[in-house]
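Shown next, in C-alpha cells, is the structure this report addresses.
What follows draws every value from the coordinates through simple rules; no lab data is involved. Predicted model, so just to flag it, every value in this text is computed and none were measured. Cβ placement follows ideal geometry from the backbone for every residue including glycine, while neighbour counts extend to all protein chains displayed.
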Amino acid sequence: MFKPSKVNIDDKNLIFEAVWQNLTPGYYLIRGVFKSDRALCDGRIILKSSEQEFTSVLPILRSGRINHIIKIGHPGVDLLIIQILLTPNTVIHKEISFKKLNSLERFAHFYRRIFGVYFSKNRLRWNCAII
C-alpha cells in the first residue's frame, strides 16, 4: 500500500485532499470509508503528468464506501490527487488507501463486480428475461 505524500483536511472550505507522487503504470485500488449527512459525497481524481492533466469522478456509495479501480497508462503519472467535498458532520472512518494490484487481484475485483450484477437479480425476473 502506498501512503499519501500529503493529506490535507481544509475545515474552512470543507475539502479532504490526499496526494500521491510518481506512480508507475498499472491498475490501482482506492479504498476508504467516509460517513456524511449528505446522500452522496462528491469526489474527484486528478491525474497530472508533465504532458497533460486528467480529471475523473470518484464514485462514493451512499454507505460512504470508496472501492474504485483506476488504470494509469504509460509513462506513468507525476501526481495523483483525490479531493472529496465534506460537510461539517462528515466522519472519516477509514483513511483512503491506495494499492497497486497484481494480475490476480485485478481479475478478482473485476469479476466480482460483474458476477454481482448477474447474480443479484430475482430468479423469477431472470427466468422471464431469458424466455
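Figures for the structure shown
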{"item": "Within segment 85-111, tally of residues that are touching a residue at least 24 places away in the same chain (Cβ under 8 Å) and small (G, A, S)", "result": "1"}
{"item": "Criterion: touching a residue at least 12 places away in the same chain (Cβ under 8 Å) and out of contact with any Ser or Thr (no Cβ under 8 Å at 6 or more places or on another chain) - qualifying residue of I72, I30, I114, I82", "result": "I82"}
{"item": "Complete set of residues in segment 60-77 that are surrounded by 11 or more Cβ atoms within 10 Å (Cβ to Cβ) and over 15 Å from Y28 (Cβ atoms)", "result": "I60, L61, G64, R65, P75"}
{"item": "Odd one out for Q52, checked against (1) more than 13 Å from the chain's Cα centre (by Cα); (2) polar (S, T, N, Q); (3) surrounded by 11 or more Cβ atoms within 10 Å (Cβ to Cβ); (4) more than 28 Å from I114 (Cβ to Cβ)", "result": "(3)"}
